[in-house]
Amino acid sequence: MGGPIARQVSAMVITYNEGPNLARCLDKLRWVPRILVIDSGSTDDTLAIAGRYPQVEILKRPFDSFAAQCNFGLSQIAAGWVLSLDADYELSDELIAEILHLQEGAAAGYAVGFIYRIHGRPLRASLYPPRVVLYRRQGAAYRNDGHAHRVAIPGDVATLRAKIFHDDRKPLARWLASQQTYARHEAEHLLAAPRAALGRIDRLRRMGWPAPILVLVYTLLVRRCLLDGWPGWLYVLQRTLAETMIALEIADRRLRRNDGKSDDTRASGNG
């Protein structure tokens, strides 16, 4: 094998009412021969924006899960390489240059780190982890992991040096509504998984109460978001609220479960 990877790349972007973000994402993909926009029924100007780009193909599919949407997208790509992005991702110029210079080799995929932006203003650091965003199509498949989704690929994963900007400019009300769904899925995942299968951080999250406190202190002081002004404060409050909602879901489920056991005990005692 040999030759540039970029010639074989198809991009895949999952959308639902991403009008505030999509143009910035697609503007950085003009070098990609084929872009699949997989839409879940947008009612804003998402599809009109996507239609301005000649290499974009719009596919519509009702949303059931992120993994299912991504696997549907993969079913439309026969071979080559996939660049899988959220609509609020923006490739840096340095990352584009790095990808354009990649040659076929031993790696089956590439992970990329992120610079988190709040309304265009970059933070010093965030909790957003690196993701495998560029990978060979053959053998790739997605699975749900709590509210997140992960791609499994057969082969080694390397890490690229340059970054992606994460910059979600949808209204705060949309973010708040989404967190209810995310918190429910994450709580289900944390409580259903065997404790031994969870990492140290997820074990703390499953306890419920420590995670919001630790996230507040860690993002504010250790990651130094305190020094990023209002964008830093907004990010800290968002992350703390997200963990608080997960903790609430976990506490509520445990109390409901204990109520059910108490009812069974009372019923057997009265029998």
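The values are calculated or read from the model by the stated rules, or taken from the named source; none is laboratory data. Keep in mind that this is a model prediction, so the values were computed, not measured. Cβ: placed from backbone, ideal geometry, glycine included. Neighbour counts: every protein chain shown. Ligands, DNA and RNA are stripped out before the accessible areas are found, and what is left, the full protein with its side chains, is counted by its heavy atoms. Shrake-Rupley method; radii C 1.70, N 1.55, O 1.52, S 1.80 Å.
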- Query: How large is ³J(HN,Hα), in whole Hz, for each residue of segment 125-133 in order, when computed from phi with the Karplus curve 6.51 cos²θ - 1.76 cosθ + 1.60 and θ = phi - 60°, using x for Gly and Pro?
  - Reply: 6, 8, 9, 6, x, x, 10, 7, 10
- In the chain, which whole DSSP H runs stretch at least 24 Å along their own axis (Cα) and average -0.5 or higher on the Kyte-Doolittle scale? 172-192
- Give, rounded to the nearest 20 debye, the magnitude of the charge dipole that segment 1-108 has about its Cα centre when Lys and Arg contribute +1 at Cβ and Asp and Glu contribute -1 at Cβ. 380 debye
- Task: Roll a 1.4 Å probe over the protein heavy atoms and report the accessible area of Met207 in Å², nearest 10.
- Result: 90 Å²
- Of the accessible area of segment 44-113, with the probe set at 1.4 angstrom, what percent is carbon plus sulfur? 57 percent
- Query: Hey, what number do you get for the chain at 222 nm if only DSSP H runs of n ≥ 4 count, each worth -39500 (n - 2.57), divided across all residues, to the nearest 500?
  - Reply: -12500 deg cm²/dmol
- Query: If you roll a 1.4 Å probe over the heavy atoms of the protein chains, what accessible area per residue do you get for segment 11-106, in Å²?
  - Reply: 40 Å²
- Query: Top mean-square fluctuation among His166, His119, His149, Gaussian network model of the chain, C-alpha springs under 10 Å?
  - Reply: His119
- Counting DSSP beta bridges with both partners in the chain, what percentage is antiparallel, nearest 5? 45 percent
- If ligands, DNA and RNA are left out, what is the accessible area of Arg253 with a 1.4 Å probe, given in Å² to the nearest 10? 70 Å²
